[in-house]
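Here the structure is laid out as structure tokens; the discussion comes afterwards.
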Amino acid sequence: MAISILRKAAALAVLGLASVATASTAATLKIGTEGGYPPWSMVDASGQVTGFDADMGHALCAKLDMKCRFVVQAFDSLIPALQAERFDLVISGMSVTAERAKVINFSIPYASEDSAFVLPLGSPLIQADTQQALFDGLAGQSVGVQSGTTQGAYLQKYAPALKLKTYETQDQMQMDLMAGRLDATFSEVTPQSQFLDTSGKDKFAMGDYIVKSSADPEVLGLGIGAGINQKNTELKARVDKALCELMNEGMIKASSTRWFGVDLSNYEACK
């Protein structure tokens with residue numbers, strides 16, 4: 001009896017050690033993100049990545065039974081770094097565009113987001129009700145965009161008379177707007193709203209004219225997706241499956257509602 005009990009105890013101990021070893025040696029999913037694009041991707045005081053992109057990353061890691069490791073760097077360097085296999089995924093509010101899809105793969109587009117201008121309070125362009133009226137009014141003026149974004153590409157195509165200034169981060173762009181070195185900024189609605197809810201609320205306002213995410217799919221893309229190295233077709237299949245599960249479970253809705261106040265889920269992608 002004593003020997004039997006000892007054998008059972010030893011077996012349980014071995015199982016316990018195996019469980020610990022499995023947890024400690026679980027594969028790591030390295031995720032590239034910007035870390036300076038609130039409320040999509042931010043880095044808090046302790047150095048942890050937070051925001052909607054972080055929620056998506058952690059949820060995917062849980063679905064794939066992997067550990068998360070975030071790699072923070074400038075947005076316009078994320079695709080080259082993904083190609084160089086510095087990380088496995090890009091989760092950074094990145095739009096799925098035909099141009100980007102030439103060099104990387106994308107997951108299903110799991111979210112969608114419109115874009116808008118922020119202008120000084122009192123500007124008559126705040127009430128512009130057409131794109132042409134807005135662009136004509138801004139002709140020759142300085143408009144800030146973030147480097148490597150679809151918003152910059154959109155203005156280059158449709159508003160060549162604007163003086164575009166590009167910035168590595170959203171914060172840098174907003175600082176120049178606050179300092180009077182820009183006449184307007186153009187970005188996605190949610191980070192623009194975040195700016196207006198904090199430091200810019202007493203001096204600036206969002207323009208009434210909203211550029212819909214569907215305005216030009218070739219330039220603005222098909223929605224927000226995770227970037228994946230073209231060599232890693234197996235990971236793409238697993239990520240797509242996991243994203244649809246997260247969509248159906250309501251996780252994407254809950255996270256986007258938490259960070260943005262609206263549901264940005266792209267339900268069509270999983271039908």
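The values are calculated or read from the model by the stated rules, or taken from the named source; none is laboratory data. These numbers were taken from a predicted model, which means no experiment stands behind them. Reconstructed Cβ throughout: ideal geometry from the backbone, glycine too, with neighbour counts over all protein chains shown. Only protein heavy atoms, including side chains, enter the accessible area calculation; ligands, DNA and RNA are left aside. Shrake-Rupley method; radii C 1.70, N 1.55, O 1.52, S 1.80 Å.
Top to bottom by accessible area (1.4 Å), largest first, where do Tyr209, Tyr154 land?
The most accessible residue leads, giving Tyr209, Tyr154.
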- Environment charge of Lys231, counting only residues whose C-beta is closer than 11 Å and scoring Lys/Arg +1, Asp/Glu -1: -2
- Going down the table (Lys102/Lys231; Lys63/Lys241; Lys30/Lys236; Lys30/Lys102; Lys241/Lys271; Lys67/Lys271), which pairs top 18 Å between alpha carbons? Lys30/Lys102; Lys67/Lys271
- Sulfur and carbon atoms: percent of accessible area, the chain [1.4 Å]: 55
- Under 5 Å from the placed amide H of Phe70, counting only residues 5+ away or on other chains, we find Ile31
- Query: Taking a 1.4 Å probe, which of Ser256, Ser214 shows the most accessible area, and what order do the others take after it?
  - Reply: Ser214, Ser256
- Query: How much length is gained on full extension from Asp176 to Asp114, taking 0.36 nm per residue of separation minus their Cα-Cα distance?
  - Reply: 20.0 nm
- Heavy-atom accessible area of Trp259, protein chains in place, probe 1.4 angstrom, given in Å² to nearest 10, is 60
- Message: Under 8 Å for C-alpha pairs, at least 6 residues apart: give me the relative contact order for the chain, rounded to a whole percent.
- Response: 26
- Query: Roughly how many debye, to the nearest 20, is the charge dipole of the chain about its Cα centre, given +1 on each Lys and Arg Cβ, -1 on each Asp and Glu Cβ, and no other charges?
  - Reply: 1080
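First measure r as the distance between the Cβ atoms of Met66 and Gln127, then evaluate 1/(1 + (r/R0)^6) with R0 = 51 Å and state the FRET efficiency to the nearest 0.05.
0.55
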- Item | Per-residue [θ]222 nm for the chain (sum of -39500 (n - 2.57) over DSSP H runs n ≥ 4, rounded to 500) | -12000 deg cm²/dmol
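For Asn248 and Thr169, compute 0.36 nm times the residue count separating them, minus their Cα-Cα distance, and round to one decimal in nm.
25.2 nm
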- Task: Give the label of the value calculated from the structure for percent of Cα pairs over 29 Å apart, choosing from (1) 50; (2) 37; (3) 46.
- Result: (2)
- How much accessible area per residue does segment 151-271 have, in Å², with a 1.4 Å probe? 51
- In nm, what is the difference between 0.36 nm times the number of residues separating Glu268 and Ala98 and their Cα-Cα distance? 59.3 nm
- Using a 1.4 Å probe on heavy atoms of the protein chains only, the accessible area for Lys102 in Å², nearest 10, reads 140
